[in-house]
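The values are calculated or read from the model by the stated rules, or taken from the named source; none is laboratory data. Note that the coordinates shown come from a computational prediction; the quantities given were computed from them, not determined experimentally. Neighbour counts are summed over all protein chains in view; Cβ atoms, including those assigned to glycine, are modelled from backbone coordinates with ideal geometry.
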Amino acid sequence: MKTVMKAGRYYVGDPCYMFNDNWGVVCNAYFGEGCLGKDGNLEVFGETIFMDSTAFGDGTYADNKGRLYAVDAGVLGVVPIKLRGIDNKLKDAEIGKGLHVIDFPQDFECSCEEGIFVFGDIVIDTRQDDDRDAYEDEEDDNEYNFSEEDEDNEG
């Protein structure tokens, strides 16, 4: 599904970082009565937002411009920045650290197909590839596998 958003300033990333108390309102708009997410545009607080599920849930995903996006709720989206004031969750110090506010000078299309998000000229591919799998496996080995020596020193 494609959604056309109006030119303006938007938060681009996981919408859970924009909302605290009202995150449930966004989730209800997305999931509705069932457990399956809707594709694309949602109407919340009188504004249109775009939100869809990533291919593999939580993680950090890169766009075609080198920015990284933190995902903690398994979704990516585009939210008008004016909704920032609903819960005042997104702080200036966090912007640019996996959370991005981007100006779109003209109307733009948003879509997601098979884990590939397109927001105007921004493309975020959330499908895992072999390089990412290898890195995560190596990281997991270092973080969770303890040597016998480490176990002896824990107690």
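Limited to the range 1-26, what total is found for residues that are small (Gly, Ala, Ser), over 17 Å from Asp58 (Cα atoms) and surrounded by 12 or more Cβ atoms within 10 Å (Cβ to Cβ)? Break it down into steps so the answer makes sense when it comes.
As a first pass, look at the range 1-26 and keep what is small (Gly, Ala, Ser): 7-8, 13, 24.
Keeping just the survivors that are over 17 Å from Asp58 (Cα atoms) gives 7-8, 24.
From what is left, the residues that are surrounded by 12 or more Cβ atoms within 10 Å (Cβ to Cβ) are 7-8.
Adding up the residues that qualify gives 2.
Candidates in the range 96-125 are the residues that are at pLDDT below 90 and small (Gly, Ala, Ser); of these, the one that is surrounded by the fewest Cβ atoms within 10 Å (Cβ to Cβ) is Gly96.
If you go through the range 13-55 and keep only what is touching a Lys or Arg at 6+ places or on another chain (Cβ under 8 Å), over 14 Å from Ile86 (Cβ atoms) and at pLDDT below 85, you end up with Tyr30, Phe31, Gly32, Gly40.
For the range 38-61, a residue qualifies if it is at positive phi, crowded, with 18+ Cβ neighbours inside 10 Å and out of contact with any strand residue (DSSP E or B) (no Cβ under 6 Å at 6 or more places or on another chain), but none of them does.
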